[in-house]
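K.L.:
Starting off with a structure, shown below.
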Amino acid sequence: MDTTAYIFDLLKIILPALIVAGAIYFLFQQFLEREQQRRLIEMRLEASKTTLPLRLQALERVTLLLERLSPQNLLVRISSANQSAADYHRLLLQEIRAEVEHNLSQQLYMQPETWAAVRLAQNSVSNLISSQFQKLPNSAEARGSELARRILETMMNDELPDPTAAAILAVKREAVAMF
C-alpha cells in the first residue's frame, strides 16, 4: 500500500502542476498570436502610409490618361490641319499608344480589373478612329478634318457613350474603395 499511497500523493502533486503548465502554455500561445497580429497590423498600417499616396497618384494619372484619350479631347489636342486623313489617322493612333505606354507602370498600383477597363477604353477609342477612317468614302484623298468631323458626328449622332467613361468610373470606384 505504501507504493499506492506514494503514487497517489505523486499524482496529487503532478496533476495540478500539469494543469497549471497547460494553462500557462495556452495563455502564452494566445499572447504570442495576438502580439503577432498586432505587429502585422502595424506593418500594414506603416506600408499603407507609403503606398496609399502612390496608389492615389496612379489613379489620378490614369484618370488624366483616360481624359486625354477621350475622342473629344484627343481631337481637340491633336490638330488635323493640313494633314491627309491617313496621316491624321496614323497620328491619332500613335498618340493613343504613346499616352498608354507613358502610363503603363501605373497598373502596378491598380486592381487588374481596373487596368483591364483602361485597356478596353484604349482599344475602343482606337477601334472608333479606325472604323471611321475606313468608312471615309475616299480615304486616300480625304483630309484629316473630315476624319475628325466624322468621329465627332458618330459619337453625337449614334449616341455612343464615351469609350473612356466606363474606365473612368472603374478608376473612381477603386479610389472610393481605398477609404
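The values are calculated or read from the model by the stated rules, or taken from the named source; none is laboratory data. Predicted model, so just to flag it, every value in this text is computed and none were measured. Glycine also receives a Cβ, built like all others from the backbone with ideal geometry; neighbour counts cover every protein chain displayed. Please note that ligands, DNA and RNA were not included when accessible areas were found on the heavy atoms of the full protein model with its side chains. Shrake-Rupley method; radii C 1.70, N 1.55, O 1.52, S 1.80 Å.
K.L.:
As an exercise: evaluate THR4 against (1) polar (S, T, N, Q); (2) over 18 Å from the mean Cα position of the chain (by Cα); (3) surrounded by 12 or more Cβ atoms within 10 Å (Cβ to Cβ) and give the number of the one condition it does not meet.
P.N.:
(3)
K.L.:
Turning to a different aspect of this structure: Where the second residue is outside any helix (DSSP H, G or I) and the first is at negative phi and lies in the stretch 27-53, which pairs have Cβ atoms under 8 Å and are six or more apart or on separate chains?
P.N.:
LEU52/MET178
K.L.:
Enumerate the pairs (first residue in the stretch 83-96 and free of Cβ contacts under 8 Å to residues at least 60 places away in the same chain; second residue anywhere and among the aliphatic types (A, V, I, L, M) and part of a helix (DSSP H, G or I)) with beta-carbon separation below 7 Å, excluding pairs fewer than 6 apart on the same chain, so at least 6 apart or on different chains.
P.N.:
Final answer for the pair search is HIS89/ILE129; HIS89/LEU147; LEU92/LEU74; LEU92/ILE129; LEU93/ILE129; GLU95/LEU74; ILE96/LEU69; ILE96/VAL125.
Table: residues versus (1) closer than 29 Å to ARG119 by Cβ; (2) aromatic (Phe, Trp, Tyr); (3) surrounded by 10 or more Cβ atoms within 10 Å (Cβ to Cβ).
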| residue | (1), (2), (3) |
| --- | --- |
| ILE24 | no, no, yes |
| MET43 | no, no, yes |
| THR50 | yes, no, no |
| GLN57 | yes, no, yes |
| ASN73 | yes, no, yes |
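K.L.:
Let me ask you something else. Is there any pair linking a residue in the stretch 111-130 that is within 10 Å of ALA170 (Cα to Cα) to one that is small (Gly, Ala, Ser) and open to solvent by 60 Å² or more (accessible area, probe 1.4 Å), with Cβ under 7 Å and at least six apart or on different chains, and which?
P.N.:
Here the result reads ALA117/ALA166, each pair linking the stretch 111-130 to a residue that is small (Gly, Ala, Ser) and open to solvent by 60 Å² or more (accessible area, probe 1.4 Å).
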